[in-house]
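Report on one structure; see the data block that follows.
No value in this document is a laboratory result; all are computed from the given coordinates. For clarity, every value in this text was computed on a predicted model and none was experimentally measured. Because the Cβ atoms are built from the backbone with ideal geometry, glycine has one as well, and the counts that use them run over all protein chains shown.
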Amino acid sequence: MGAERAEFVAGDGLKLVGDVSGPEGAPLVLLMHGGGQTRHSWAGAMRALVAAGYRVVNLDARGHGESEWSPSGAYAIFDRIKDIHAVVDDCDVPFALVGASMGGLTSIHAAGEGLSPSAIILVDIVPDMEPKGVERIVSFMNAHHGGFASLDEAADAVAAYYPERPRPKDPSGLMKNLRRHDDGRLYWHWDPVMFGVEDPSQFREPLQRSTNKLGQRPEVPVLVVRGKLSDIVSDESIAAFRAKVPHAETVDVSDAGHMVAGDKNDAFNAAVAGFLRQHLPL
C-alpha cells in the first residue's frame, strides 16, 4: 500500500502536510521528526510500521517541509502541540506518538497537558539534554541561513557536522530537505525564524512540569530509544528522566548517534515495533 499525501489543519489554522499509509481502522502511529528535518527522515520506519499492520501518519511539522510556515512565528512548544491534535483529535482508534528530538519533546508536553496516547516513543531525546550536544545542533542550524550554491556544498556541511556517517557518493537524496529559492541557491526546508522564537530557558520549566505529570501517568507507556553515540542523551540524562518517569523503558542502539533512525534503521525499527506490539496491539 503506497503512501498518500494528506493535509491537516491545526487549531490556529496552519495547514500541515503528511504521508498516510496502512490499513484503515488499524491502530495509528504518528511520526514526528526533529527540528530542521522533514517527514522524509522517517521513510524507512514508516514502511516497516505499515508492513507490521499499523496505520501511519508521517507529518511535516509546522515550518518544515511542505507544511505551512507560521506568519506569526508560532513555533513554541505550546504551538507544536496543535500539530498533534490536528491528527489525533478525530481519531477513533488507539494511537501512539513517535517523536525524534523536537517531536519527542512535543510528545512529552502533549501528554503532560492531558493527551492520552497508548504509547510514547522518544527518539534520542529527554528533557535534560547535554548542553554541548544542544549547542552543536543549534550552531549548525544557524550557520547556513545564506543557503548553499550547490547540492555538494550542502552535503559537505552535513558531512562536517556528522563525520561519523559516511558522506554519500550521490547526495541527491538531500534534496528532500532543501528548497531552491528564486536566487538559485539551496536553503534548508524549514523556516529560519523558528530558532529565534523560543528561548530554551522559557520552555524548560513547562517541559519539566509536563515530564513530572507524565511520571504520574503509568498508564502511558514510554520508551526512550537512544543512539549510543549520541551527544544529546547521556547516561546521566536517562537517569534524570527515569527519576521523574519511573515507568519509562530504554533501549540503546549501538553505533548510532542522534539520528538513530537514519544511522541504524533496522535496529531502530525492531525496537519500536517490539514496544508497539506490546502496548498498541493490532
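Some points to look at:
- Panel order for D231, D83, by other beta carbons found within 10 Å of each beta carbon, from fewest to most: D231, D83.
- Charged side chains reduced to their Cβ positions (Lys and Arg at +1, Asp and Glu at -1) give segment 143-277 a dipole of some 460 debye around its Cα centre.
- Near G147, no amide H atom lies under 5 Å from its own; only residues 5 or more places off or on other chains count, and H is placed 1.01 Å from N.
- Förster-model FRET efficiency, 51 Å R0, A270 and R209, C-beta, rounded to 0.05: 0.95
- Cα Rg over Rh - segment 187-282, Kirkwood: 1.02
- Relative packing of 119-130, 173-184, which averages over residues the other C-beta atoms within 10 Å, highest first: 119-130, 173-184
- Value of [θ]222 nm, deg cm²/dmol, for the chain, DSSP H segments ≥ 4, -39500 (n - 2.57) each, nearest 500: -10500 deg cm²/dmol
- Sorted peptide list for 13-20, 149-156, criterion being average Cβ within 10 angstrom, highest first: 13-20, 149-156
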